[in-house]
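Only the coordinates and a few stated rules stand behind these numbers; no lab work does. Quantities reported herein were computed from a predicted structural model and do not represent experimental measurements. Note: ideal-geometry Cβ built from the backbone for every residue, glycine included; neighbour counts use all protein chains shown.
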Amino acid sequence: MQAADRRQFIKSAVALTAASLATGAAVNKPRLGVVTDVIGKHSPDEAIAHVKSFGLSQCQVHVGLSPDGLAAPLKAALAKYQVEATAVMTLGSGKMVWDFYDGPKTIGLLPPETRAARIDALKRASNLALQCNIKAVHTHCGFIPEDPNSAMYPEVVAAIHEVAAYCKANGQTFLMETGQETPVTLLRAIQDSQLDNIGVNLDTANLILYGKGDPVAALDVIGEYVRGLHAKDGRYPTNPRKLGEEVPIGQGKVDFAEVVRKLHALGYAGPITIEREISGSRQEEDIRASLTYLQRIIDTTYSTGV
């Protein structure tokens, strides 16, 4: 090799290495997204256009009961706006009451009278995700019993296994959202389901809203299983019949700086998806403020390593 050729080779190698490192840094840093509803009052095109209006390139999509004909317009909208859907979300059919009294009887895969229909809804969501090349399916499994000796415990584990096995056959992760049980109960259910494609969607507020724990401490228990994250804030319940209050990010009990620091220590580079469960102009204002707040924390933590 001539000297000039050697110098050019070295320059090219250095440039390629630098580009590779730069690409790696980008890949290894979480990206922000938002939860969006692609059914009901919003068409898929409108919903994904709204995601893009925040300057975002990813989202989680709520798909209801995955009606026939949704896959084509959803896939087209994601391609049109160059937005990645990181998960398909569904709760299934039937009555759901979000409190401490009727919630355990109505939410998730526990209630026997709605269990089969909700398993079917999750399988339809998995089929939709497959058609749209979305790699995760996500739901609330409900108030998983704290007592593993409860007669309901093996029933819900079997239901989780059935759904997760279906998702695995479609090449997907099945995400269980935190909130309605303690982190150790969630960990037990994941391990007892005995499948390697089950992960956690850590909702930072839900553990607080349900009085089941703290998201920072939860990462010591379930951190290795976290594959998605809802950025949301809230306060602990003071009425034993009702959940705590959701509030704008930065105004509740979630220590987001510490959550992100622990995620970084765990090597987490997945999505951080903002969820603000109100509607109207205030929702949009809060999401935009949250984007600035969270991006600053992510940039600081992932650039300094602290």
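List of remarks:
- Using alpha-carbon coordinates, inclination of helix 152-169 to the longest axis of the chain, degrees: 30 degrees
- Loop exposure criterion: GluC sites (Glu not before Pro), DSSP state outside H, G, I, E and B, at most 13 other Cβ atoms within 10 Å. Applied to the chain, the longest stretch between such sites is 1-145.
- Amide H partners (placed H, <5 Å) of Met176, local residues excluded: Gly199, Val200, Asn201
- Alpha carbon convex hull of the stretch 203-289, volume per residue in cubic angstrom: 96 Å³
- For the stretch 231-242, Karplus couplings with θ = phi - 60° (6.51, -1.76, 1.60), whole Hz, Gly/Pro x: 7, 8, 10, x, 10, 5, x, 10, 9, x, 9, 10
- For Lys253, a cut-off of 23 angstrom between C-alpha atoms picks up these lysines, skipping any fewer than 8 places away in its own chain: Lys212, Lys232, Lys242, Lys262.
- Seen against the Cα atoms of the chain and their longest principal axis, helix 71-81 is set at about 40 degrees.
- The residues Ser279, Ser66, Ser57, when put in order of fewest to most other Cβ atoms within 10 Å, stand as Ser279, Ser57, Ser66.
- Note that the stretch 117-126 has calculated 3J(HN,Hα) couplings of 5, 6, 4, 4, 5, 5, 5, 5, 4, 5 Hz, one per residue in order, obtained from phi through the Karplus relation 6.51 cos²θ - 1.76 cosθ + 1.60 (θ = phi - 60°); glycine and proline are x.
- With distances taken between every two different alpha-carbon atoms, the stretch 236-275 has a Kirkwood hydrodynamic radius of 12.3 Å.
- Note on the stretch 31-304: antiparallel DSSP beta bridges, both residues inside, total approximately 5 percent of the bridges counted.
- Taking the longest Cα principal axis of the chain as reference, the axis of helix 281-304 is set at about 50 degrees.
- When exposed loop sites are taken as trypsin sites (Lys or Arg not before Pro) in a DSSP loop with at most 14 other Cβ atoms within 10 Å, the longest stretch of the chain clear of them is 96-240.
- Rounded to whole numbers, the Karplus 3J(HN,Hα) couplings from phi for the stretch 183-195 are x, 5, 5, 4, 4, 4, 5, 4, 5, 6, 6, 6, 10 Hz, using 6.51 cos²θ - 1.76 cosθ + 1.60 with θ = phi - 60°, and x at Gly and Pro.
- Amide proton proximity set for Gly234, modelled H, under 5 Å, gap of 5+: Val247, Gly252, Lys253, Val254
- Distance histogram for the chain (every C-alpha pair counted, 10 angstrom bins, percent rounded to whole numbers): 6, 26, 34, 22, 6, 3, 2, 0
- In Å, descending, principal axis extents of the Cα set of the stretch 173-242: 37, 22, 19
- Across the stretch 31-304, Cα pairs under 8 Å and at least six residues apart give a relative contact order of 15 percent.
- Inter-label distance for Lys105 and Ser93, nm, one decimal - labels placed 7 Å from Cα along Cα-to-Cβ: 2.2 nm
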